[in-house]
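The values are calculated or read from the model by the stated rules, or taken from the named source; none is laboratory data. Quick caveat: nothing in here was measured; it's all calculated off a predicted structure. Cβ coordinates were reconstructed from backbone atoms using ideal geometry, including for glycine residues, and neighbour counts include every protein chain displayed.
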Amino acid sequence: MRREAVVKEYFYPSDRGTLKKLFQSWGQVDTSKKDALVSIVPHAGYIYSGEVAFRVLSAINIKRRVILMGPNHTGFGQRVSIYPGGSWETPFGDIDIDEELVERFVNVGLKTDTLAHLKEHSLEVILPILKYLNENCKIVPITISYLRYDECMMVAEKILDVVNYFKDEVTFVISSDFNHFEDEKTTLLKDKYAIDAILRLDPEGLYNVVRDKDISMCGVIPSTIGLIVAKNLGAQKGELLIHTTSGRVSGDYDRVVGYAGIVIS
């Protein structure tokens, strides 16, 4: 099954030449790649957060298998939803689903579903960057709705089973924006609470602080799962590469969205 892009021209250019020039304007691809266990990148329109995502993904080794996990904004489909097979459209050509990896996820008890992915943007906007940086990579797109912390742990355990089976063949990317639609001062403060928990490699701390401080971080559940996975894979540190807000582009500092690029290794 081929998933056609649904937010091209809204979130990013659909013309590959235009997109390539945009990526080149964001700087040269880093040749001294980091071996990341988990990376966290934003998923807003490229005008706001594309450079953040590009700077993170161009700084890491993107392996041939990519698990790409993000929030389900639409509410459709399974709470944990894996796209079953086929390919996804990008301006640089289709990117194939890693059906062998999907089969492993099904074998450990996770569900496949297309409904959650039909109109979801949080994963699609990352794909042109992945395809540009590694044209041969395959993906497993996973959307996540609300989960309790114990459910996050159970999902992380299943992901670990799969990642450990494929050893060093997998790159794990989390798609998440940070605080939404408050003034920049408030957003930077709230973002810092969440970022600090991530950099401490504290998944339960992240889960709790987002709830307790009323931080509207849309990808907190995928990020929590990613942190649990990273810790179990032996993560030693988290590194904040960039933190910014939409206000730096729009000029509106009264109502912003926070964006952070983080690498965990």
Among all residue pairs at least 6 apart or on different chains, which show Cβ distances below 9 Å where the first residue, located in region 178-198, is at negative phi and the second is part of a helix (DSSP H, G or I) and of a type in the set (Asp, Glu)? PHE178/ASP191; ASN179/ASP191; TYR193/ASP212; ALA197/GLU204
ILE195 is checked against (1) more than 20 Å from HIS43 (Cα to Cα); (2) in contact with a strand residue (DSSP E or B) (Cβ under 6 Å, 6 or more places away or on another chain); (3) not aromatic (Phe, Trp, Tyr) and fails just one. What number does that condition carry? (1)
Have a look at GLU204, GLU169 and point out the one that is of a type in the set (Asp, Glu) and in contact (Cβ under 8 Å) with a residue 60 or more places away in the chain. GLU169
Listed by first then second residue, the pairs whose first member lies in region 128-155 and is among the basic types (Lys, Arg), whose partner is at pLDDT below 95, with beta carbons under 6 Å and at least 6 positions apart or on separate chains, are none
Residues that are of a type in the set (A, V, I, L, M, F, W, C) and under 19 Å from VAL155 (Cα atoms), drawn from region 77-106: VAL80, ILE82, LEU101, VAL102, PHE105, VAL106
If you scan region 250-265, which residues turn out to be in a loop (DSSP other than H, G, I, E, B) and of a type in the set (S, T, N, Q)? SER265
Give the residues of region 1-47 that are among the hydroxyl-bearing types (Ser, Thr, Tyr), modelled with pLDDT of 95 or more and either within 15 Å of LEU57 (Cβ to Cβ) or in contact with a strand residue (DSSP E or B) (Cβ under 7 Å, 6 or more places away or on another chain) (or both), sorted by residue number. TYR12, SER14, SER39, TYR46
Show me the helices (runs of 4 or more DSSP H) entirely contained within region 132-214 in which 2 or more residues are more than 12 Å from ILE228 (Cα to Cα) and among the basic types (Lys, Arg). 184-199
Looking at ASP161, ASP196, ASP168, can you tell me which residue is over 25 Å from ARG65 (Cβ atoms) and not polar (S, T, N, Q)? ASP196
Do you know which residues across region 1-48 are touching a His at 6+ places or on another chain (Cβ under 7 Å), surrounded by 18 or more Cβ atoms within 10 Å (Cβ to Cβ) and closer than 26 Å to THR245 by Cβ? PHE11, HIS43
Do you know which residues across region 234-249 are assigned to a strand (DSSP E or B), in contact (Cβ under 8 Å) with a residue 60 or more places away in the chain and buried (at least 19 other Cβ atoms within 10 Å of the Cβ)? THR244, THR245
